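First comes the structure, then the notes that go with it.
The values are calculated or read from the model by the stated rules, or taken from the named source; none is laboratory data. Here the structure is a predicted model, which means the values were calculated and not measured. All Cβ positions, glycine included, derive from the backbone under ideal geometry; neighbour counts span all protein chains shown. SASA here: full protein model, heavy atoms, side chains in, ligands and nucleic acids out. Shrake-Rupley method; radii C 1.70, N 1.55, O 1.52, S 1.80 Å.
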Amino acid sequence: MGLFITFEGGEGCGKSTQSRLLLKKLEQQNISVVLTHEPGGTSLGGEIRKLLKEKQCSSISPQAELFLFVASRVQLLIELIRPALEETKVVICDRFADSTLVYQGYGRGLDLTTVEKVNNMATENIKPDLTILLDMSPEQGLARKRSLKDRFELEDLSFHHRVREGYLKMAATEPDRWLVIDASLPKGKIAEIIWDRVSKLLLTTRTTQT
Ligand code: TMP
């Protein structure tokens, strides 16, 4: 199997920038890598993403929201993530199942055990080898958003605080999988911290696979 790396964090934390920088760095090393994101990454996922982010869809119930995110994930796993990992590629995913636990569980208040069960049904045995959390206060993150706000960015500040707390709690329970980085550090410094960890991980996985 390849290496599965996910990026997590609240709004405006810089995940997309850092996932693209990591993609570039891996490509420069001639490592086979794919970058994808959630919700989305497939044509079905793209449609679901639009529904979930549009502010006109404010009447989506938390339960329906949960299943829409999970539906997008299942499709992405089948179409892209699983095959790429089977081809021993590195897969970088901008958000994955941890986002569901944090946003729908901690944020929306759905029962965490139920969310976890639904997550597990969808992901089966696919779990990230490394999850990079770009941690930032919601005040700072939301202030970075210049474009029109989506359904999640429009949530009140307490929602975003619950999301942040949820992430930090999850990271603390599985410290080997999570790499928590202060997202207010300069972009280049963050990329350096990430590369330091990923290069070591590549070395150990590639050595154990040969
Ligand atoms: P983003 O990818 O541009 O950050 O937008 C995705 C939004 O969807 C973001 O606000 C987080 C939210 N989200 C969930 O609520 N649950 C999920 O499972 C995922 C993947 C994202």
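Each residue of the range 137-148 was assigned a 3J(HN,Hα) from its phi angle through the Karplus curve 6.51 cos²θ - 1.76 cosθ + 1.60 (θ = phi - 60°); the sequence is 5, x, 4, 5, x, 5, 5, 6, 7, 9, 6, 4 Hz, with glycine and proline shown as x.
Stretched out straight at 0.36 nm per residue, the stretch from residue 58 to residue 31 would grow longer than its current Cα-Cα span by 5.5 nm.
Cα centroids of the range 1-77 and the range 137-177: how far apart, whole angstrom? Result: 16 Å between the Cα centres. Accessible surface computed residue by residue for the chain, with neighbouring protein chains in place and a 1.4 Å probe, gives 50 Å² per residue. Relative contact order of the chain: 32 percent, from C-alpha pairs under 8 Å at least 6 residues apart in sequence. Among all the lysines, which ones have a C-alpha under 29 Å from residue 200's C-alpha, if same-chain residues fewer than 8 places away are not counted? Filter leaves 15, 24, 25, 89, 127, 169, 187, 189. Close amide-amide hydrogen proximity is noted between residue 33 and 90, each under 5 Å apart and 5 or more residues distant or on a separate chain (H modeled in the peptide plane; Pro and chain starts excluded).
Here the scattering of the chain is modelled by Debye summation over its C-alpha atoms, one equal scatterer each and no solvent; at q = 0.18 Å⁻¹ the log10 of I(q)/I(0) is -1.43. Ranking 114, 35, 78 by how far each Cα lies toward the positive end of the dipole of the chain (charges on Cβ) leaves 35 at the top. Rounded to the nearest 20, the Cβ-based charge dipole of the chain about its Cα centre (Lys and Arg +1, Asp and Glu -1) stands at 480 debye. The simple Förster model, with R0 at 35 Å and r as the Cβ-Cβ distance, assigns residue 197 and residue 116 a FRET efficiency of 0.85. The listed residues 88, 100, once ranked by accessible area (1.4 Å probe) with the largest placed first, stand as 88, 100. Among the protein heavy atoms of the chain, carbon and sulfur supply 54% of the accessible surface, probe 1.4 Å, non-protein parts ignored.
Our coupling estimate for the range 13-24, obtained by passing each phi through the Karplus curve with A = 6.51, B = -1.76, C = 1.60 and θ = phi - 60°, is 7, x, 4, 5, 4, 5, 5, 5, 5, 5, 4, 4 Hz, Gly and Pro reported as x. For residue 132, the residues whose modelled amide H falls within less than 5 Å of its own, excluding neighbours fewer than 5 places apart on the same chain, are 6, 7, 8, 179.
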